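Presented below is the structure to which this report refers.
Taken together, the values in this text are just the output of simple stated rules run on the coordinates, not laboratory data. This is a predicted model, so every value here is computed, not measured. Cβ sites come from the backbone with ideal geometry, for glycine too, and all protein chains shown count toward neighbours.
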Amino acid sequence: MTTPANKRLVLLKELGDNGPMAAYINNSGPASSLRHQTPPWLQTEEDLLACMAYVEHELRDPLGAMSNCVALLSALHLTKEQQTVVSTLERQLQHTLSLVSSMGDLIVGRDTLQLAPISFKEIWDATLEVEGRSISTRSQVLESSMPPQAVMLSADRHRLVQALCNVLGNASKYSPEGSKIHVDATLDGDNLKLVIRDHGMGILPEVLPHVFEAFYRSPRAAATGKVGFGLGLSIAHKVIRAHGGDLTLASDGPGSGAEAVVLLPKLA
């Protein structure tokens, strides 16, 4: 019989330096899709979310203490070499905090959202504020078309901005430098319809059914060497669905780019 305590012990082994989770996170092993090598105690989405909730809970306090320590170190008069070490610690800590935050976002449900009336323009402007720098760094061109009238949503601003950042960031991340990304927002009945099209690497047909699975990365995506946990689209899908909307992803195959379609209900 597998008890919660046993699950915790197995989870610690999975998260060890040589475990498949470590190989996955470091992009250094064959674990490009944990879904395809799931241990017996982690077969359902419920099991996965339970483990994620446990790991997130256990890591928050020690990571918070470590953040305070790094902040104190940063305030000291350090040598150049010491500053380099502290800066490395700070970067890696922020990376880990981001992952832990993503774990919490996987558990999101409508009852956890802080909904309030907000315009789509405000949501999208905040999304561009976050992702615009990465797009500019890659010399990519963002061509967008927005509705002429204000469109109001009932949304959790933080969660929805993060979800759209994940979708737009994914389009940019896997598209070549200097390419175009097309964004079209229109009204579709009672919904706002947001279409994001890129000219990137595209998606194999056999991969499409798995793109919203937590921790899934296709072998082609992993082979690019770009760092990722395989959580971005999974989180975006859950958050958008929690808002009463939907997210779909389509592609005609390798080299043909991809098209993400977001539907969000308008505020009546």
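The residues GLU81, GLU56, GLU131, when put in order of fewest to most other Cβ atoms within 10 Å, stand as GLU81, GLU56, GLU131. Histogrammed with a bin width of 5 Å, the alpha carbon distances of segment 182-240 distribute as 4, 15, 18, 24, 20, 11, 5, 2, 0 percent, first bin at zero.
Close amide H pairs (under 5 Å, H built 1.01 Å from N) link SER256 with GLY202, ILE203, residues at least 5 positions away or on another chain. Note that segment 120-203, at 37 °C in a medium of 0.692 mPa s, gets a Stokes-Einstein diffusion coefficient of 247 µm²/s from its Kirkwood radius over C-alpha pairs.
The stretch between SER144 and HIS158, if pulled fully straight at 0.36 nm per residue, gains 2.8 nm over its current Cα-Cα span.
Working note: Debye formula, equal point scatterers on the alpha-carbon atoms of segment 211-260, no solvent; log10 I(q)/I(0) at q = 0.32 Å⁻¹ is -1.19.
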